[in-house]
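Single-structure report; data block below.
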Amino acid sequence: MRAGERLPPLEIPVTRTLIVAGALASRDYQDVHHDPELARQKGAPDVFMNILTTNGLVGRYVTDHFGPTAVLHKVAIRLGAPNYPGDTMVLTGRVEAVDGDTAVVRVVGANGLGDHVTGTVTVTVPEAGS
């Protein structure tokens, strides 16, 4: 782990199932995350992903890269362009700073409309035998 290290991109197909399942799993029953007609009535073209699903996908991206011993300490994200069904979100990351076994990783998740999520993740990766 070193500052400047780039994480390989991860492409995530944004399916209707992913959006609805993520909302249900995070107990977010807002209609805009599962009912296309009500989402349209509220000004969106379709259902869209909630922040808790995005947060989980960002965490998965970082732990997939750093391995099963990685521990997330802080996930600080902001949402931008919505994730609608039929699009693909591509997560990219770069290690910004390292202090011992802890790193701050800048993460961006972009889709066809622009940046869906931007932020940082603080992660600790204990050395083997620690």
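The values are calculated or read from the model by the stated rules, or taken from the named source; none is laboratory data. Treat the numbers as computed from the prediction; the structure is a model and nothing was measured. Quick reminder, even Gly has a Cβ in these numbers, built from the backbone with ideal geometry, and neighbours come from all protein chains shown. Heavy atoms of the whole protein, side chains included, go into the accessibility calculation; ligands, DNA and RNA do not. Shrake-Rupley method; radii C 1.70, N 1.55, O 1.52, S 1.80 Å.
Net charge in the neighbourhood of ASP35 (other residues with Cβ under 14 Å of its Cβ; Lys, Arg +1, Asp, Glu -1) is -1. How much of the pair distance distribution for the chain lies past 17 Å, counting alpha-carbon pairs only, in percent? Everything past 17 Å amounts to 58 percent. Spin-label model, ASP46 to ARG6: label points 7 Å out along the Cα-to-beta-carbon direction sit 2.9 nm apart. Rolling a 1.4 Å probe over the heavy atoms of the protein chains gives the chain an accessible area of 54 Å² per residue. Note on ASP64/ASP35: beta-carbon distance plugged into 1/(1 + (r/R0)^6) with R0 of 22 Å gives a FRET efficiency of 0.10. Taking the 1.4 Å solvent-accessible surface of the range 59-130 as the whole, the part contributed by carbon and sulfur is 50%. Measure nothing fancy, just the Cα-based angle from helix 51-66's long axis to the longest principal axis of the chain, in degrees from 0 to 90, nearest 10. Once rounded, one gets 30 degrees. What number, rounded to the nearest 500 deg cm²/dmol, is the helix-based mean residue ellipticity at 222 nm of the chain, given -39500 (n - 2.57) per DSSP H run of at least four residues and division by all its residues? Result for the chain, helices only: -7500 deg cm²/dmol.
For the chain, the longest principal axis of the Cα atoms and the long axis of helix 16-25 meet at an angle of about 70 degrees. Distance from the Cα centre of the range 76-130 to that of the range 1-39, in angstrom? The range 76-130 and the range 1-39 have Cα centres spaced 14 Å from each other.
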